[in-house]
Each structure stands twice: as structure tokens, then as C-alpha cells.
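Peer 1: This is the structure, below, for whatever I ask next.
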Amino acid sequence: MDNSTEILNFPMSALVKIDGGLGSQMWQYALGVAVEHHSPLRALHDLSWYYFHGKDINNKYNRLFILDKVFKNVRLRLPKEDLRQRFILNLDRYPGSYRKFDPSIIARKTPVYLGGYYPNAKYIVSAADTIRNIYNFTVALSERNKKLLADIMTTAAPVAVHVRRGDYVGSRHDVVGPGFFLQALNWISCHLAPVIPTFFVFSNGMEWAKEHLSSAPHNFVFVDNNDNDSGQVDMFLMAQCKHFIISNSSMSWWAAWLSSRSDNKVVIMPDKWVADEKPDEKCSMRVDGWQVLPAI
């Protein structure tokens, strides 16, 4: 049976693999939204990774599927197991990681399994309004987090700083050093002057963040309210800030992109996302207007 005949036996759908933490879940679900926006295909969702794995890179901390709990506008479509396996076996056209924007991925006319990674901001921006409407937070806040939210909302220039550590340390994602953050702190302070910013630091490696940042001459609030399984609260709180210093992390990328508190939002991101990044893949996560500084 040739490929064209085989495709006739599949629904007109793009089955999107979803895995990882909340930021990754958001990225992959949004890819399906972009597919529906640009093609005749209907997005389906493969959550099997959470049944068989559901841990971080080091197989230590949980990676729970919480997307539809954090965002009530998410609508999952789960295929039956036999169809899921047929998609994977026959229609997995993009199993790797593609940082360069390929419009054919979201404009396909035939069924496909999207089992790889597509870390390029253009996919998200291509369906921005729809994705923003879907990602409307629904999170429960503790009293400590309510107080922190009040502080963020009443501060003149709240800046979210996300220091991504945890399972990144020692991996191909371990590319952002303290020099990047120190440069970014100074850059934003100069840019916002005479207003003095307050830097709200979020991290899963808070000791490292305090060691490398706290001696800098700035106003810091080190946020340690939430544990590994409450990342959605940290993302929500970050998104309430007006400006951002993000890591090479989809968690802080989403917080920065979704935030609408300032018409003059400043976002600073590192120029490198992974260690083995090719020259023509640099800054694939950059959105127009975002500032890029060296990841040193």
C-alpha cells in the first residue's frame, strides 16, 4: 500500500505529542492551535508520555499534566489507542527538533503525527490572538501568594527574573551563566530610569540565584513560595509583572509573552537556548521587540 492510500485511512487530523512541564505542554498544545489556524486539519493530542514517564530529565521530579486545569479554555481531543499507535507508526514525519521556522509544519493538507519539538516563536505568533484567549489562567493562590501578587501589582516597575536550574544543570540546556543575568539587570535598570525596578526572582535553584545575584546593587524579592508541583502559580505570578528577564525556558517565555500589564514591556532573553545550537537556529525563540543578550 503506498503512502497516499494509507493516509486515506486516517482522519484529517494532526496528532500532537505533548510532554514535559507546563511550559512545554503549552507550547505543544499551541502548535496544534496553529495547525488548526493554518490548515484544514483538526488537532488531536497524545498524552501517553505522562502515562509511561512523567519525570524531568534526571527522572527525579514530577512532570504532571496540568494544562487543562490551569487553563479552562483548553479542549483536549484524545484518540483511541489503536489510532494513536497507527499515527506514530505511519505518519511521524517530524520526530526531531526543528528550531528553524518551517511553515509547512502548520499548513499541511494531509494527516500527520507531530512528535518532535518546534521551538520557534513564529509558530505561536502565527495564531497569537487565539492562543492568548485559550491561555487565560485559572489558579488558586495561597495567602502568601496573594500577598506577593499584591506586592507585584502595587510596585511601580516589577520585573520577573527567571533563573532555570534543576534538571538543566549539566545538560545541553545548561548554557546561561550569571553574566547574562547581571547584564540584564543593569540593562533594564538603565532603560527604566529614573524609575527604580524591583526584581522578583523565581527559580528552581534559589541558592544559586541568591549567590550570584544578591550582591548586585538592585532591589530583589526572592520568591520561594512554591514547590516543583506548583509551577503554574509561579508562571501566573511572573505574568503579572511588567518586564522580564527570562531563561532559556518555555516557562518564563510564556509568562513574558502572555503578560499584558505594560504597553512598553521589556523582555530580555539569552542568545542561546541549547549547547548544540546551529548558527542559523540562534534566537528562534525571540519575539519582535525582545532584547537579546549573550548567555554568559
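Peer 1: Could you give the nm distance between label points at S48 and T138, where each point is 7 Å from its Cα heading toward the beta carbon?
Peer 2: 2.9
Peer 1: By its C-alpha gyration tensor, with a ≥ b ≥ c as the square roots of the eigenvalues, how is region 30-151 shaped: rounded for a/c under 1.5, else prolate for a/b larger than b/c, else oblate?
Peer 2: prolate
Peer 1: Rounded to the nearest 10 degrees, what's the angle between the helix 81-91 long axis and the longest principal axis of the chain, both from Cα atoms, 0 to 90?
Peer 2: Between the helix axis and the principal axis of the chain, the angle is about 90 degrees.
Peer 1: Mind checking which of Y94, A43, I134 is farthest towards the positive end of region 3-134's charge dipole, using Cβ charges of +1 (Lys, Arg) and -1 (Asp, Glu) about the Cα centre?
Peer 2: Highest projection toward the positive end goes to I134.
Peer 1: Scaled to the compact-protein estimate 2.2 N^0.38 Å, what is the alpha-carbon radius of gyration of the chain, rounded to two decimal places?
Peer 2: Normalised Cα radius of gyration, the chain: 1.03.
Peer 1: Moving on to the next point. Students often get this wrong: which residues of region 5-45 have the backbone nitrogen under 20 Å from the point 7 angstrom along Cα-to-C-beta of N90?
Peer 2: Counting only backbone N, you get 5-17, 40-45.
Peer 1: Rounded to the nearest 500, what is the chain's calculated 222 nm mean residue ellipticity when only DSSP H runs of at least 4 contribute -39500 (n - 2.57) each, over all residues?
Peer 2: -10000 deg cm²/dmol
Peer 1: Quick one: order T198, T154 by neighbouring beta-carbon count within 10 Å, fewest to most.
Peer 2: Exposure proxy ranking, most exposed first: T154, T198.
Peer 1: Taking neighbour counts of Cβ atoms within 10 Å as a proxy for exposure, in what order, fewest first, do L31, L91, L293 appear?
Peer 2: By the 10 Å Cβ count, ascending, the order reads L293, L91, L31.
Peer 1: Cut-off 10 angstrom, C-alpha nodes, Gaussian network model of the chain. Which of M285, M238, M206 fluctuates the most?
Peer 2: Result for the chain, Cα springs under 10 Å: M206 fluctuates most.
Peer 1: Taking 0.36 nm per intervening residue step and subtracting the Cα-Cα distance, what contour gain separates T154 from S215 on full extension?
Peer 2: 19.5 nm
Peer 1: Whole angstrom only: what separates the Cα centroid of region 7-35 from the Cα centroid of region 51-85?
Peer 2: 11
Peer 1: What number of lysine-lysine pairs in region 143-293 show an alpha-carbon separation below 21 angstrom, given a sequence spacing of 8 or more or placement on distinct chains?
Peer 2: Number of lysine pairs found: 4.
Peer 1: Could you calculate the contour length gain from R172 to D102, that is, 0.36 nm times the residue separation minus the distance between their Cα atoms, to one decimal place in nm?
Peer 2: 22.9 nm
Peer 1: Tell me the angle of helix 22-38 to the major Cα principal axis of the chain, expressed in degrees between 0 and 90 and rounded to the nearest ten.
Peer 2: For 22-38 against the chain, the angle is about 50 degrees.
Peer 1: Compute the long axis of helix 178-192 from its Cα atoms, compare it with the longest principal axis of the Cα atoms of the chain, and write down the angle in degrees, 0 to 90, nearest 10.
Peer 2: Helix 178-192 sits roughly 70 degrees off the main axis of the chain.
Peer 1: Right, here's the next one. Mind jotting down the distance between the C-alpha centroids of region 235-277 and region 152-216, whole Å?
Peer 2: Region 152-216 and region 235-277 have Cα centres separated by 11 Å.
Peer 1: Given +1 on the Cβ of Lys and Arg, -1 on the Cβ of Asp and Glu, and no further charges, what dipole in debye does the chain carry about its Cα centre, rounded to the nearest 20?
Peer 2: It works out to roughly 460 debye.
Peer 1: Now a separate question. Which of H212, M251, P279 sits closest to the plus end of the dipole of the chain, meaning its Cα is farthest towards the positive end, when Lys and Arg get +1 and Asp and Glu get -1 on the C-beta?
Peer 2: Comparing the listed Cα positions along the dipole, M251 ranks first.
Each reported figure results from applying straightforward, stated rules to the coordinates on display, with no laboratory input. Worth saying up front: this structure is predicted, and the values here are computed from it rather than measured. Cβ: placed from backbone, ideal geometry, glycine included. Neighbour counts: every protein chain shown.
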